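Participant: This is the structure, below, for whatever I ask next.
The values are calculated or read from the model by the stated rules, or taken from the named source; none is laboratory data. From a predicted model like this one, the values you see are computed outputs, not experimental measurements. Counting neighbours? That spans all protein chains shown, and the Cβs are built from the backbone with ideal geometry, glycine included.
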Amino acid sequence: MAIIGLACQLSRGMLSHMKLLLGLTLTAATIAIGCVDSPSTDHPQIHSHGTEPSAHFRDGAPPSTPPLTPPSTPPLTPVPMVTKLVKETPPPKVEPTVVVYCVPYHGNGDVIFGVNTANVLAKYFETENGGLGKVSFFMAKGDHAGDVDFKSLLDPKVRLIHQDDPAAKAGLVFVAPATFAPRETNEEIYKRFGVDQTSVIALSEYAVFSCGDFNAAQCVHTGIGGRLAGVFQNVNAPNQLPAIATKLDADDLHLLETGDYFFAYVAGNDRQRWTKQVGDYSAQMPAAIVVPGLRPSEDGAFYDGFMPRKVPWEYIDLAQDVRIKKSAPGSHDAKTLKIFGGSLTHDQFLYLLKNTKYPFAAVTGDQSFVEALIFGKVPIYQEYSHKNRVMESFRSAITETHPSLKPLLSLVYSVDAPEPALEKRFFNHISRVITDPLVAEFRVALNEAMPRYNLANTLRAKLREHFALH
């Protein structure tokens, strides 16, 4: 009986819930489902004859009751199922992050090399990858970190990061240039930028230096010719002479603006030797010579014997108001050679290199060599023993298709010889060898060669490969 009573209570509970959900009004009659109500504890039932309630229908059917007719309910209207299409959200693109790690070892060209690398990479992200990508520039401690105003040369989109910048993490690091310079170890570089060796590419300038501690898979050689990658930066010179700190008279300005000077960017004592060569041994002496970096010693004088002796000359520092004049015995009527030196800004350097009326220029290292080529100048190369492959590889690349240019591209001089002073009449010899027809052919050969050795393509390929870009 207890079990039957519990079942009936459950039935009543279920019905009460049905009344609430379907809005039906049931009669107070009890629905017979094979059970009867159990006695209420609150209101005990008194049965007649003192018999149990179940005795009324133990021997026969229960008393007849009218059938229960459920109330009529309106048919349910089916609700159409609406399927909402949810557009799949593609995974967010990972923005490529690149750091150019620049080590200024010896010479301002190292800084320019790193700056141009960063600018090329920033241009790729802007023009070819839809603006997706960030480039940062990190200047490591080195010999020439403060000699060039590199900040003004960086593309505005390139972020400058510092030694203690905690956010200097990268997806790919270009070491530019990779030299023998004192710098962090490879492990320190990996730790600083949060990468491993598979995410570091070392750019070795024109195959002059090895890639140091970096393995061959990480190394990209630059240069022109043979297995080398080639010129990569697009150098643009200003159309007008940038402002000069020194007060120049009208004649000096005229010389610089008309290009009536020979340009010699060389190192060491060859700066003075070039002025002597041009002043004392030129059949037709230029009106002036521009020698970036040429300065007097601390006592305000130049090394005796290295400067012109046969003609009067005047030294003018373009960075500060310093002028030194010196006459030559018996040369009262001789034309004075103007010598422009001192520190130049990069824009001043490019303008004066491009603007010289001479089709050739004395250059050294890697960067100025390439800049001279970009401006169509025949390079008179100051060659160090550890950089002899620079001119060799370039010569082989050009003379392969233009053999007549070999004499033109053999005009080099070595600073490692016992007497590195320039040969007498060397300037005259250059002027005789470099003829107008050869210069024209040289420029044609340059236009043919440079696209074949364009490192910008190599850099773009490295980015696409590493970040799986299109």
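Participant: Go through 199, 204 for me and flag whichever is in contact with a His (Cβ under 6 Å, 6 or more places away or on another chain) and either buried (at least 17 other Cβ atoms within 10 Å of the Cβ) or at pLDDT 75 or above (or both).
Facilitator: 204
Participant: Of everything in the range 269-316, what is under 19 Å from residue 381 (Cα atoms) and either outside any loop (DSSP other than H, G, I, E, B) or at pLDDT below 85 (or both)? Give them in sequence order.
Facilitator: 269, 270, 271, 272, 273, 274, 275, 276, 277, 278, 289, 290
Participant: Is it the case that some residue within the range 259-266 is within 20 Å of residue 323 (Cβ to Cβ) and among the small types (Gly, Ala, Ser)?
Facilitator: Yes, there is a match, as at least one residue in the range 259-266 is within 20 Å of residue 323 (Cβ to Cβ) and among the small types (Gly, Ala, Ser).
Participant: Shifting gears a bit: Tell me which residues, restricted to the range 329-357, are hydrophobic (A, V, I, L, M, F, W, C), outside any strand (DSSP E or B) and touching an Asp or Glu at 6+ places or on another chain (Cβ under 9 Å). Can you show your working first?
Facilitator: Of the residues in the range 329-357, the ones hydrophobic (A, V, I, L, M, F, W, C) are 334, 337, 339-340, 344, 349-350, 352-353.
Within this subset, residues satisfying the condition of being outside any strand (DSSP E or B) are 334, 344, 349-350, 352-353.
If the condition is that a residue be hydrophobic (A, V, I, L, M, F, W, C), outside any strand (DSSP E or B) and touching an Asp or Glu at 6+ places or on another chain (Cβ under 9 Å), then 349, 350, 353 are the ones that fit.
Participant: Would you confirm whether or not the range 338-353 contains a residue that is on the phi < 0 side of the Ramachandran plot, of a type in the set (D, E, K, R) and in contact with a Lys or Arg (Cβ under 8 Å, 6 or more places away or on another chain)?
Facilitator: no
Participant: Please find, among 372, 397, 449, the residue that is free of Cβ contacts under 8 Å to residues at least 24 places away in the same chain and over 19 Å from residue 203 (Cα atoms).
Facilitator: 372
Participant: Here is a follow-up. Search the range 77-124 for residues being acidic (Asp, Glu) and surrounded by fewer than 21 Cβ atoms within 10 Å (Cβ to Cβ), and hand back the single one that is modelled with the lowest pLDDT.
Facilitator: Looking at the filtered set, the residue picked out is 88.
Conditions tested, residue by residue: (1) closer than 30 Å to residue 128 by Cα; (2) in contact with a strand residue (DSSP E or B) (Cβ under 9 Å, 6 or more places away or on another chain).
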{"position": "367", "(1), (2)": "yes, no"}
{"position": "372", "(1), (2)": "yes, yes"}
{"position": "375", "(1), (2)": "yes, yes"}
{"position": "378", "(1), (2)": "no, yes"}
{"position": "404", "(1), (2)": "no, no"}
{"position": "415", "(1), (2)": "no, yes"}
{"position": "431", "(1), (2)": "no, yes"}
{"position": "437", "(1), (2)": "no, no"}
{"position": "467", "(1), (2)": "yes, yes"}
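Participant: I've got another one for you. Of everything in the range 363-387, what is buried (at least 23 other Cβ atoms within 10 Å of the Cβ) and in contact with a Lys or Arg (Cβ under 6 Å, 6 or more places away or on another chain)? Give them in sequence order.
Facilitator: Answer for the range 363-387, where residues must be buried (at least 23 other Cβ atoms within 10 Å of the Cβ) and in contact with a Lys or Arg (Cβ under 6 Å, 6 or more places away or on another chain): there is none.
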